[in-house]
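Trainee: Got a structure for you, written out below as structure tokens; questions coming shortly.
The values are calculated or read from the model by the stated rules, or taken from the named source; none is laboratory data. Source: prediction; values computed, not measured. So basically every Cβ, Gly included, is an ideal-geometry build from the backbone, and we count neighbours across all protein chains shown.
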Amino acid sequence: MKTSDQDVSESIHVRLKQVFEALGLTAYQAAKELEENSSKFYNILNGRAKPSYDTVMALLDKYPQVSADFVLRGIRPIVQEGSSNGKMLAGGADLIEVPFVPIKFHASFVETYTEGFRYQDLETYGVPSTVMHDYARKEPVIIEISGNSMTPQLPDGAKVLAVNVDKGDWVYQGGGVFAVVYRDFFVVKRIRDNELLTKKQLTLHSDNPNGGSVTVKSGDLRGLWRVVSIVAAPVD
């Protein structure tokens, strides 16, 4: 009986990983939307814990496009036919192509950003129109995360949707996660100390305690984008 229970546990955690991949969903996102502890979902997806009945039902209720038959019994499809989101339906979904800054292009992006850089020179990444909301008019860009300084929210390789912040509004930003170009650096950090009005500096923090923080002088700032959504992330 113990072996049988273990097999069931392994099969459902694998199926849930496939569900998260189909939705482009991270454990952090799911936990936030379901008002749960993110470690709970990390443990479930890694097979270290079993999802409770209530957790499975809450997940299905929150994401009605997911097939209950797949989650509970492994019967495909993962996402029900006719659903408007989910990677498996990307070919038929209403996608908006957004300029994409992959990790391999970070250095070039920084070098050319203030020297006649053109977004149309970037490759693009398709984002469901339902995710874009009102962002299409705010010079959005998809940025691929490099490194683990913003884990667990933004793991290495995650892709985020970010919108440009006008220079005149830099002094009002704080509390959220931002992509920042300063001097010869391009980083994604959290703004907790915005002292541009008083001390002419901005302090950027990492969510990962090992990532540290950095203080940037106002004269070194070259560009600022507010991260508004995670559009894709690897599932451990």
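Trainee: Just to be sure I understand, how many residues within the range 109-128 are surrounded by 14 or more Cβ atoms within 10 Å (Cβ to Cβ), assigned to a helix (DSSP H, G or I) and without any contact (Cβ under 8 Å) to a residue 40 or more places away in the chain?
Mentor: 1
Trainee: Return the pairs, sorted by first residue and then second, in which the second residue is of a type in the set (Phe, Trp, Tyr) and at pLDDT below 85, the first residue lies in the range 88-99 and is under 27 Å from Glu139 (Cβ atoms), the beta carbons are less than 7 Å apart, and the residues are 6+ apart or on different chains.
Mentor: Pro99/Tyr119
Trainee: Anything in the range 197-206 that is within 29 Å of Ala158 (Cα to Cα) and outside any strand (DSSP E or B)? List them, or say none.
Mentor: Across the range 197-206, the qualifying residue is only Ser206.
Matching residues to (1) surrounded by 13 or more Cβ atoms within 10 Å (Cβ to Cβ); (2) hydrophobic (A, V, I, L, M, F, W, C); (3) over 17 Å from Phe109 (Cβ atoms); (4) within 20 Å of the chain's Cα centre (by Cα):
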| residue | (1), (2), (3), (4) |
| --- | --- |
| Pro155 | yes, no, yes, yes |
| Leu161 | yes, yes, no, yes |
| Asp166 | no, no, yes, no |
| Trp170 | yes, yes, yes, no |
| Asp193 | yes, no, yes, no |
| Leu196 | yes, yes, yes, no |
| Thr203 | yes, no, yes, no |
| Asp207 | yes, no, yes, yes |
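Trainee: Same structure, new question: With the structure loaded, tell me whether Lys200 is touching a Gly at 6+ places or on another chain (Cβ under 8 Å) and not aromatic (Phe, Trp, Tyr) or whether it fails that test.
Mentor: Answer is yes for this residue.
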